[in-house]
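Worksheet: the structure to be examined is printed underneath.
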Amino acid sequence: MHRQIIRFSLMAGLLLVILGGPAEGQKPSDGKALTEMAVKGTTNLRRDLLQGSISLEKENKNHILALKHQAMLSVYPLQWVSESRDAGGTFKRGMLNAVVENFDKDPLRRLAQTRGKTTGMQPAFYREVIGRIVDVIELQEPRCLPITAVNATRMLAMIAERRTQDGIPVQEKEWVGEVGTRLAEGTGEYLAETCLKLLAAENCNDGMRYYLYRCMAGLVSLPPQTPPLLKNETRDQLLEAAIKQIAREVRYPKATPSNEVEGYKMLRAQAVKVLASAQVAAMAKDKPALWMARVAGADGSLIPGPPRLDERIEAAIGLCRLGPLAGSLPDLHMDQVVYQMGAAVRDWADAANSVEHGVKAKANLRMRAWRADAARLIEALDQLKEVKQPYVQNLVKRCQATVNPIEKGENSPANDLGDWLMNNQPANTTVFKSDPRSLVTKTRENDPEEKEKEKPKDKEKDKDKKGKE
């Protein structure tokens, strides 16, 4: 009986192709065999459109249908793999990842190489891709597993992210050209709206949020274009969503494993990266510069805290990127901004000096890619040179002196920077002149003065301990 049902379904699909042309209503849950049969009628047209042999005619329904079919074949395998689980509920390791890697190779990289021939087709195609990704995610459990939805959002992120070649990001001009081509003609707006919609969905898990924020960071980091890929109000909605994640207080019981807490902080770091990528100090409803200062300075109100080094470095880089805007932002206290940036650099450099996990440790023991961090910080610090305030320029030079040795694989004079910060507090205590509440709350962990006060006490305790022995 079961075989008869399958045979009937396949025959019905074949009949649709023969009599009625390619089926428009295919869903990811229809299965591989039926879907591949239903899209056969557009095989040659899909090939010609993706190779640029023919130009897309937007009013031609067959052209649009062909792009939809190609998007289905690129995205729906996520669901087909999920439904190929064995009796124990598992599927072969790496199968979902293989689908995502294939998506990276084809269509992303292939269309990047043929951009000159396929420029007019790509926005319509990627709009279909985004729609098919949503098709997969909106299949509720048990049809769409949480891990399947996470991999679907990985695909979304890859549409806007900067491509790498042999592990090295491609040049900015190349990246902007590739992503700008994909997201033209309103597709960037559609991608942003999709991210916001998925973030607000009840079934959105933290794994999905992680990649949605990565996608949002790619969107807001693109330089201005004509016409713009994102409206200012859409960009602000993305930033507000990221701030909501950073400001959210998540309290874990004391017995919670540390890796679970650190995992949440890694998610928060992606939200910080959204703010850091946008080069926006303030909006009508909130102030990205304030939240970046709080993360960089390890504000005591952030829960769970303290922020990880990757959160703080992303925030510090974001604060540096505000340098070119300082002249047009008289309400922003740049001395307070760079002070919090300096605090992050000091603690990062201190960790980079660690014998066990620092820049001089064996490669497999290093806690971070220290030299890559340093290169990013050096580039970011250059953007503060436009701020002509003596305090800012002095601190920038000291940060550069702290970071440069690490970029060369050497230890850093992190203590010198720490001493300078302790003895040279900024004149302004708030991040924004007009907002007396725009403060970075000090704690024992992030206040160099408190750390300095504890040192003599520790020495006295050691003396007492030796005396008792």
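FYI, it's all coordinate maths here, none of it is from the lab. Please read these numbers as outputs of a predicted model, since none were measured by experiment. Here Cβ is always computed from backbone atoms with ideal geometry, including for glycine, and neighbour counts include all displayed protein chains.
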Problem set entry | Student exercise, the chain dipole from Lys, Arg, Asp, Glu Cβ charges, in Debye to nearest 20 | 720
Seminar exercise, completed: Ranked from fewest to most other Cβ atoms within 10 Å of their own Cβ, Val100, Val129 fall in the order Val100, Val129
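Given an 8 Å cut-off on Cα distances and at least 6 residues of separation, report the relative contact order of the chain as a percent.
On the way: 628 pairs, mean separation 45.4, N = 469.
Relative CO of the chain lands at 10 percent.
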Exercise. Relative to the longest principal Cα axis of the chain, at what angle does helix 172-182 sit, 0 to 90 degrees, rounded to 10?
Worked result: 40
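Hey, could you grab the Kirkwood Rh for region 279-469? Inverse mean 1/r over distinct alpha carbon pairs, Å, one decimal.
Working: mean 1/r = 0.0578 Å⁻¹.
Value: 17.3 Å, from the Cα pair sum.
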For this session: Taking the chain as the reference, fit the longest principal axis to its C-alpha atoms, fit the long axis of helix 206-221 to the helix C-alpha atoms, and give the angle between the two in degrees, 0 to 90, nearest 10.
Result: 80
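In deg cm²/dmol, rounded to 500, what helix-only [θ] at 222 nm does the chain give when every DSSP H run of at least 4 residues adds -39500 (n - 2.57) and the total is split over its residues? Mind showing how you got there, number by number?
Working: 22 runs with 278 residues, N = 469.
Result for the chain: -18500 deg cm²/dmol, rounded to the nearest 500.
From the P(r) of the chain, can you give the percent of Cα pairs sitting at distances over 29 Å? Could the numbers behind the result be given before it?
Details: 61378 of 109746 pairs.
So the portion of pairs separated by more than 29 Å is 56 percent.
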For this session: Given a cut-off of 30 Å, name the pairs among Lys273/Lys388; Lys61/Lys197; Lys58/Lys273; Lys273/Lys385; Lys231/Lys388; Lys273/Lys408 whose C-alpha atoms lie farther apart than that in the structure shown.
Result: Lys58/Lys273; Lys231/Lys388
